[in-house]
Amino acid sequence: MNIHEYQAKELLQKFGVATPRGKAASTPAEAEQAARELGTDNLVVKAQIHAGGRGKGTFANGFKGGVHLCKSPVEARDLAAKMLGQTLVTHQTGPAGRVVNKVLIAESAEIAREIYFAILLDRATAGPIVVASTEGGVEIETVAEKSPEKILREKIHPLAGFQAHQGRKLAKQLGFETSQLKAAAKLFDGLYRTFMACDCSMAEVNPLIVTPQGEVLALDAKFNFDDNALYRHPELAGLRDIAEEDPREVEASKHGLNYIGLDGNIACLVNGAGLAMATMDIIKFYGGSPANFLDVGGGATEEQVTEAFKILVSDAKVKAILVNIFGGIMKCDVIAQGIIDAVKAVKLPVPLVVRLEGTNVEAGKKLIAESGLPVITADDLGDAAQKVVAAAQGAK
Amino acid sequence: MSILVDKNTRLVVQGITGSAGGFHARQCMEYGTNVVAGVTPGKGGQMFDGKVPVFDTVWEARQETGCNVSVIFVPAAGAADGILEAVDAGVELVICITEGIPVIDMMRVKAQMAGKKSRLIGPNCPGIITPGACKIGIMPGYIHKPGKVGVISRSGTLTYEAVWQLTSRGYGQSTCIGIGGDPINGMSHLDAVKLFNDDPDTDSMILIGEIGGSAEEEAAEWIKANCKKAVAAFIAGATAPPGRRMGHAGAIVSGGKGTAAGKIEALKAAGIAVAETPATMADTLISRMEGKA
């Protein structure tokens, strides 16, 4: 799960991390009010969407830039009016862009230096690790590519946690002055405590800035949370913004289905994450393009299968559907019945290829054969993939 | 002709009175697995299906029954504690089927298991089976056949796919291990490869990996230097978009690392036969064994 910049900053402040003062606004009037409360003539208005590259983005109405500096509450209101309700397209949003429902009105900080500082979970050491660089304000992937020697890595012991001396060492390695040491170490420690307390898989401050006066501030922050741990963080679950998510994925998650939308035209319904990925791969191998990843899990019910079908056929790009089930615990006859019911319920607009294997496979195949539905059956995974690719091409 | 589990395995099922734990305990018993105990806190003293004594703690189960392997069906919120309970009781092999355990919990489990004798398989895995002898987990027993191919995988149903391809072509399996799809887990591909390499009754292996992390690359490097047995592999996720978690929490390409292309290259460089599609995992191994690939 991701959250907005203004939410990330509010979260960080709870853990003692210094950020520029600011407030989110949903209307131009709120934006003006927020700017007045800040009581400064150094203001910045930032569009709030879950994607990077906002500053260089363009709105669908032609207005350029999702981040603007201004000098007065009235200007802040006018800028907010140009952004709110409008679609912002950046290099990370794709051509469809994202609608801006909130803007952040903040005090604009002067920047003397920009640092990158992140904590993430390292699989190799099975613990948290700090990744930091003196090259802040740009994407870390770019730094890793162009000047990998400028990336610092500091392991954190999984049980002992982040130590004060590690903070001081990192501050020195990142070029902080002696007078800034305490403030920098405090920010690092606050970020680590946020990371652990909120079950983050990544907590990134970019840029972390030093002002000409020597203040150390988190200017922008991004978090990824471990979805498996959300059950113990109701306060974080409330920060979810479903308007930022693919509506197909939102609908799927309501029914306990694991769905990720892609750009192709062959929909797939599979049991098991590994087999679902492998099914996408084999579609591609035979020249097709998957429209989605969908894992119905090990114990899907007929009702879930029906809901899954509804989501698949709601995608106008879909030209054919492949069902690939290896029944283990899940019985093929149960799945077959779910498919039959679903096809009757949703009035299948495109060809359907079904490959069943495993527990009660004969009973499952018999049900489908006797249903009289126009289902293309396949004997194995290779056969199924070739048939669905052919069906999608035929349907074009 | 197996690794880790066989006819002598004495299994304790943690969470035996739950619906999943009970269902799969029965399935394992029907397959012939020697289930000697169950554990559910608060239900000690009961009998499961009139045959298996239930204890409040793994410690008691170990003392009373000498169980040496545990399988965990405890819900995610209590599963990390369940693993550590089994380790604390001295159980030699702990297999955690539970999916959805917070990764920070697994980080703490892994750190606390350092230096302990117990091994962990999983979490978020189908389990382990030595065909014809002992099934521990949720895999369908009948698709397997006793034989000499070792199977190691991060995915459940993709393992069944490989096993079924082998069995359909007349090739049995020595042991099949699902190591699980989480970013922090117990036994790695490499740990399993080493055990199969030392097992005189395993003559070849299928290694099934997926995007994310670098466990497949590490196994490949070791195989290149140390393994003389025929090895075939498949990596799932070549078409997965970067930065998205593909069902398994561990299946994510981040910062250009953990891609299918990178893994396939490392496997090929180690002399491993890599299946082009998931439909040809068994055929790729058979061709290699017959010296054709």
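Pairs of alpha-carbon atoms within less than 8 angstrom and 6+ residues apart define the contacts here; what relative contact order does the stretch A:181-322 have, in percent?
The normalised contact order for the stretch A:181-322 reaches 18 percent.
Could you tell me which residue out of A:26, A:161, A:318 lies farthest along the dipole of chain A toward its positive end? Charges go on the beta carbon: Lys and Arg +1, Asp and Glu -1, centred on the Cα centre.
The Cα lying farthest towards the positive end belongs to A:26.
Using a cut-off of 16 Å between alpha-carbon atoms, which lysines can reach residue B:263, once sequence neighbours fewer than 8 places away in the same chain are excluded?
Reachable lysines: B:224.
For residue B:214, enumerate residues with amide H under 5 Å from its amide H, sequence gap 5+ or separate chain, H modeled in the peptide plane.
Here the answer is none, since no amide H 5 or more places off falls under 5 Å of that of residue B:214.
When the dipole is taken about the Cα centre of the stretch B:47-110, and only Lys, Arg (+1) and Asp, Glu (-1) are charged at their Cβ, what size is it in debye, to the nearest 20?
160
How compact is the stretch A:131-265 by the rule of thumb for globular proteins, expressed as Cα Rg over 2.2 N^0.38 Å?
For the stretch A:131-265, the normalised Cα radius of gyration is 1.29.
If the label point is 7 Å along Cα→Cβ of residue A:72, which residues in the stretch A:2-42 have backbone nitrogen under 18 Å from it?
Residues A:28-42 fall inside that zone.
Take every Cα-Cα distance within the protein assembly as shown, group them into 20 Å bins from 0 onward, and report for each bin the whole-number percent of pairs it holds.
Result, from short to long distances: 17, 46, 31, 6, 0 percent.
Near residue A:25, within a Cβ-to-Cβ distance under 11 Å, what is the net charge of the other residues, with Lys and Arg +1 and Asp and Glu -1?
Charge balance in the 11 Å sphere: +1.
Provide the per-residue ³J(HN,Hα) series for the stretch A:296-306, in order, calculated from phi with Karplus coefficients 6.51, -1.76, 1.60 and θ = phi - 60°, each as a whole number of Hz, with x at glycine and proline positions.
7, x, x, x, 5, 8, 4, 4, 5, 4, 4
With angles folded into 0 to 90 degrees, how steeply does helix A:332-346 sit against the dominant principal axis of chain A? Use alpha carbons for both and round to 10.
On a 0 to 90 degree scale, this one is about 80.
For the stretch A:359-386 and the stretch A:169-213, compute the distance between their C-alpha centroids and round to whole Å.
Each part reduced to its Cα centre gives a spacing of 58 Å.
Compute the FRET efficiency between residue A:37 and residue A:213 as 1/(1 + (r/R0)^6), taking r as their Cβ-Cβ distance and R0 = 22 Å, and round to the nearest 0.05.
Approximately 0.50, to the nearest 0.05.
Which residue, B:174, B:214, B:188, tops the fluctuation ranking in a GNM of chain B built on C-alpha contacts under 10 Å?
Judging by the Gaussian network model, the answer is B:214.
May I have the extent of the alpha carbons of the stretch B:90-237 along their three principal axes, as whole Å values ordered from largest to smallest?
43, 34, 34
Dipole magnitude of the stretch A:52-184 about its Cα centre, charges +1 at Lys/Arg Cβ and -1 at Asp/Glu Cβ only, in debye to the nearest 20?
With only Lys, Arg, Asp and Glu charged at Cβ, the dipole is about 160 debye.
Dipole of the protein assembly as shown (Lys/Arg Cβ +1, Asp/Glu Cβ -1, origin at the Cα centre): which of B:239, B:269, B:160 lies farthest to the positive side?
Positive-end residue among those listed: B:269.
Considering the convex hull of the alpha carbon atoms of the stretch A:76-206, report its projected area averaged over all viewing directions, in nm², one decimal.
Reported value for the Cα convex hull: 10.6 nm².
Largest first and in whole Å, what are the equivalent-ellipsoid semi-axes of the stretch B:29-102 based on the Cα gyration tensor, each being the root of 5 times an eigenvalue?
Sorted largest first and rounded, they come to 19, 14, 13 Å.
Give me A:116, A:6 ranked fewest to most by other Cβ atoms within 10 Å of their Cβ, as a rough exposure proxy.
A:6, A:116
Counting only C-alpha contacts under 8 Å and six or more residues apart, can you give the relative contact order of chain A as a whole percent?
That works out to 12 percent.
Taking the Cα centre of the stretch B:126-197 as the origin and placing charges on Cβ (Lys, Arg +1; Asp, Glu -1), which of B:175, B:139, B:188 is farthest toward the positive end of the dipole?
Final value for the positive-end residue is B:175.
For helix A:5-14, what angle does its Cα long axis make with the longest principal axis of chain A, in degrees from 0 to 90 and rounded to 10?
60
What spacing in nm lies between the two simple spin-label points modelled at residue B:218 and residue A:380, each 7 Å away from Cα in the Cβ direction?
So the two model labels end up 3.4 nm from each other.
How big is the antiparallel share of DSSP beta bridges in the protein assembly as shown, given as a percent to the nearest 5?
The answer is about 55 percent antiparallel.
So how do A:240, A:77 line up by other beta-carbon neighbours within 10 Å, fewest first?
In order of increasing Cβ crowding within 10 Å: A:240, A:77.
Residue by residue, what Karplus-based ³J(HN,Hα) values in Hz, rounded to whole numbers, does the stretch A:100-114 have, using 6.51, -1.76 and 1.60 with θ = phi - 60° and x for Gly and Pro?
8, 9, 9, 10, 9, 9, 9, 6, 7, 8, 7, 10, 9, 9, 10
Please report, in whole Å³, the volume per residue of the convex hull around the C-alpha atoms of chain B.
119
Report the per residue volume, in Å³, of the convex hull enclosing the C-alpha atoms of the stretch A:271-396.
Here the figure is 87 Å³ per residue.
Using modelled amide H (1.01 Å from N, peptide plane; none on Pro or chain starts), what sits under 5 Å from the amide H of residue B:205, excluding residues fewer than 5 places away?
Result for residue B:205 returns B:150, B:230, B:231, B:232.
What is the ratio of the Cα radius of gyration of the stretch A:1-99 to 2.2 N^0.38 Å, with N the residue count, to two decimals?
Normalised Rg, Cα atoms only: 1.07.
Hey, with R₀ at 41 Å, roughly what FRET efficiency would residue A:63 and residue A:14 work out to, going by the Cβ-Cβ distance, to 0.05?
Working from the Cβ atoms, E equals 0.75.
Tell me which trypsin sites (Lys or Arg not before Pro) from the stretch B:119-205 have a DSSP coil assignment and no more than 13 other beta carbons within 10 Å of their own.
Listed in order of number, the matching sites are B:169.
Report, largest value first, the span of the C-alpha coordinates of chain A along each principal axis, in whole Å.
Principal extents (largest minus smallest coordinate, Cα): 79, 49, 39 Å.
Report the gain in length on full extension from residue A:165 to residue A:346: 0.36 nm times residue separation, minus Cα-Cα distance, nm rounded to one decimal.
That works out to 59.0 nm of additional length.
Compute the whole-percent fraction of alpha carbon pairs in the stretch A:185-308 spaced more than 18 Å apart.
Summing the P(r) of the stretch A:185-308 above 18 Å gives 66 percent of all pairs.
Placing unit charges on C-beta atoms (Lys and Arg positive, Asp and Glu negative, everything else neutral), compute the dipole magnitude of the stretch B:83-217 about its Cα centre in debye, rounded to 20.
Here the stretch B:83-217 has a charge dipole of around 200 debye.
From a point 7 Å beyond the Cα of residue A:157 in the direction of its Cβ, which residues of the stretch B:103-122 have a backbone N at a distance under 17 Å?
The answer is B:107-116, whose backbone nitrogens lie closer than 17 Å to the label point.
Using the Karplus curve 6.51 cos²θ - 1.76 cosθ + 1.60 with θ = phi - 60°, work out ³J(HN,Hα) for each residue of the stretch B:115-124 in order, rounded to whole Hz, and write x for Gly and Pro.
x, 7, 7, 5, 9, 10, 10, x, x, 6
Pairs A:347/A:387; A:56/A:102; A:319/A:365; A:284/B:110; B:7/B:268; A:23/A:64: which exceed 29 Å Cα-Cα?
Pairs exceeding the cut-off: A:284/B:110; B:7/B:268.
Bear in mind that the values in this text are calculations on the coordinates, not laboratory data. None of these values were measured; they are calculated from a predicted model. Glycine gets a Cβ as well: all are built from the backbone with ideal geometry, and neighbour counts include every protein chain shown.
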